[in-house]
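The values are calculated or read from the model by the stated rules, or taken from the named source; none is laboratory data. Bear in mind the structure is a predicted one, so any value in this text is a computation, not a measurement. Note that each Cβ is placed from the backbone with ideal geometry, even for glycine, and that neighbours are counted across all protein chains shown.
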């Protein structure tokens with residue numbers, strides 16, 4: 001009640017000062033000013049009351065007195081202008097219709113304009129007083145006295161606040177940089193104080209924005225930044241390419257400045273707020289994340305029942321997030337690891353407040369009877385198979401498990417899709433399936449062959465999607481390097497010549513959904529992933545980024561089945577184009593169902609022997625492109 005009373009007092013105070021301005025302007029233009037003749041007392045009162053009712057009535061309807069003007073932005077002032085413009089138009093029309101003493105049009109316009117200008121000026125001065133009244137200066141003291149007398153406001157002084165704040169230079173005087181500066185300048189409790197901008201656009205260099213000078217990169221020398229007492233440099237240019245960003249980062253870091261970025265987190269899902277944060281390796285070393293999914297793709301999944309195996313994993317959980325945005329009829333998460341499935345279930349329940357039709361089933365894709373119960377219960381329209389063992393060295397030592405989970409599990413899923421009338425089957429594959437040198441890659445290539453064979457005989461439309469290493473996924477190299485750097489080193493790499501392709505988890509997940517929506521039947525889709533990254537450079541840059549000195553990089557030797565390089569996925573002269581410039585189709589002839597059956601019998605016989613080496617050799621027979629890693633690695637240049 002007390003708070004409400006204070007708010008009401010502020011509104012009445014503001015309206016009272018508007019009334020004083022209104023009365024003064026009315027007196028000047030309708031009584032005192034003789035240029036167009038003086039109104040009679042009766043005429044003056046009619047004009048005064050009519051204008052009063054229209055001006056204040058429309059301001060109240062437009063919620064002018066509900067705004068907090070000390071924080072008012074341009075939208076608040078525009079609203080006041082529009083309200084007064086509307087009241088002026090209505091005033092003119094009614095004034096001409098009523099049988100009263102009329103005033104000339106120019107006099108009416110002058111009255112409305114001066115009244116609006118006076119109200120705007122009062123609000124601007126109030127905001128300026130509130131902003132600068134905390135300064136321990138003569139002007140600050142004078143403004144505090146005015147605020148106390150006319151607004152009943154106390155403003156606490158902050159004599160040392162500027163000295164306590166971190167002084168920053170903002171790279172980028174575009175919308176993002178300006179919004180950051182405005183936010184910091186308007187927040188007295190902000191930890192940072194912007195001192196200047198650095199930009200490359202000639203139309204902005206040398207000018208001021210919010211009182212901050214815009215310097216060119218040549219002008220912004222280290223001496224100039226020191227004169228401005230700059231302690232940190234903040235990047236606020238979302239579109240800057242990674243190579244240039246890294247060069248500037250390296251320059252300012254070596255010069256002794258703290259370096260931060262103002263942008264969305266790289267690995268977060270879209271829609272989150274920009275943050276002022278430290279750089280991550282993803283910010284510096286990889287291309288800007290590509291948004292693959294469009295409205296056409298989203299409409300394909302809308303209203304459908306979608307089942308995702310491995311839905312609790314790195315890729316599977318992101319697939320769940322992306323599908324949830326597309327308004328599906330039902331989303332069914334299938335996983336053998338209950339903790340991961342529980343995490344994504346709770347995340348989606350909280351995000352969608354129970355509005356998402358969500359089901360979670362704990363079952364392995366190797367358990368065909370258990371999986372059949374899930375299909376019987378939900379009859380999904382679309383199935384995305386993201387469940388798989390993917391860790392290369394571990395699968396080299398667990399060949400039987402890799403075959404049973406990756407190959408037989410995939411076979412179970414696609415057979416149940418046929419049995420229960422699923423319209424579309426989509427498989428998550430990998431670049432390691434291209435000329436595989438390890439068991440994991442060979443099992444994925446076998447899954448692709450299963451998918452393509454079934455596309456020739458069944459009713460289910462099938463497709464597979466290949467992509468490279470995924471930033472931030474479980475078992476990826478970047479989290480490993482971060483842990484090793486945090487522990488003081490050494491950072492271990494298997495071979496200094498290794499190169500890999502990288503993409504983000506959202507990109508990988510969106511690619512699966514986009515390609516699945518455009519599939520006809522039997523295609524293997526691949527993404528243009530840009531340039532590969534040398535793992536040695538990645539390790540070196542991550543060490544530099546950490547600012548830690550003396551961390552050693554140690555070679556440990558190639559692991560079993562490991563390639564020095566993954567095959568280039570996108571050879572544009574050998575691939576078919578799609579409507580999406582980033583997505584291509586691998587030209588691959590499917591094997592027949594008879595050939596597939598022969599291959600499966602070879603694998604069944606090998607796994608029945610419970611001999612990992614025998615299973616590995618059986619994989620070499622059924623996957624013709626499965627070669628020994630030394631054959632591929634011998635072709636690599638140093």
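Check segment 487-500 and report whether any residue there is more than 30 Å from residue 460 (Cα to Cα) and free of Cβ contacts under 8 Å to residues at least 24 places away in the same chain. For segment 487-500, residues more than 30 Å from residue 460 (Cα to Cα) and free of Cβ contacts under 8 Å to residues at least 24 places away in the same chain: present. The lone criterion from (1) at pLDDT below 80; (2) within 41 Å of the chain's Cα centre (by Cα); (3) surrounded by 15 or more Cβ atoms within 10 Å (Cβ to Cβ) left unmet by residue 58 is number (1). Pairs meeting the criteria (first residue in segment 538-550 and within 17 Å of residue 477 (Cβ to Cβ), second residue at pLDDT 80 or above and part of a helix (DSSP H, G or I), beta carbons under 6 Å, at least 6 apart or on different chains) are 539/481; 542/481; 546/485.
At least 3 residues that are surrounded by fewer than 21 Cβ atoms within 10 Å (Cβ to Cβ) in each: list the helices (runs of 4 or more DSSP H) lying fully within segment 433-539 that qualify. Step through it out loud before you land on a result.
Numbers: elements: 439-455, 477-486, 505-518.
So the answer is 477-486.
So is residue 188 exposed (fewer than 15 other Cβ atoms within 10 Å of the Cβ) and not in a helix (DSSP H, G or I) or not? The answer is yes for residue 188.
Residue-by-condition table, conditions (1) closer than 20 Å to residue 559 by Cβ; (2) in contact with a helix residue (DSSP H, G or I) (Cβ under 9 Å, 6 or more places away or on another chain):
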| position | (1), (2) |
| --- | --- |
| 462 | no, yes |
| 478 | yes, yes |
| 487 | no, no |
| 511 | no, no |
| 521 | no, yes |
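Does residue 427 meet the test of being closer than 21 Å to residue 502 by Cα and in contact with a helix residue (DSSP H, G or I) (Cβ under 6 Å, 6 or more places away or on another chain)?
Details: closer than 21 Å to residue 502 by Cα: yes; in contact with a helix residue (DSSP H, G or I) (Cβ under 6 Å, 6 or more places away or on another chain): yes.
Spelling it out, residue 427 is indeed closer than 21 Å to residue 502 by Cα and in contact with a helix residue (DSSP H, G or I) (Cβ under 6 Å, 6 or more places away or on another chain).
Do we find that residue 567 is surrounded by 12 or more Cβ atoms within 10 Å (Cβ to Cβ), touching a helix residue (DSSP H, G or I) at 6+ places or on another chain (Cβ under 7 Å) and modelled with pLDDT under 75 in this structure? So residue 567 passes the test. At pLDDT 80 or above and closer than 15 Å to residue 544 by Cβ: does that describe residue 298? It is false that residue 298 is at pLDDT 80 or above and closer than 15 Å to residue 544 by Cβ. Residue-level analysis places residue 550 outside the set of residues that are over 24 Å from residue 484 (Cα atoms), at pLDDT 80 or above and not assigned by TED's automatic domain parsing to the domain that holds residue 254.
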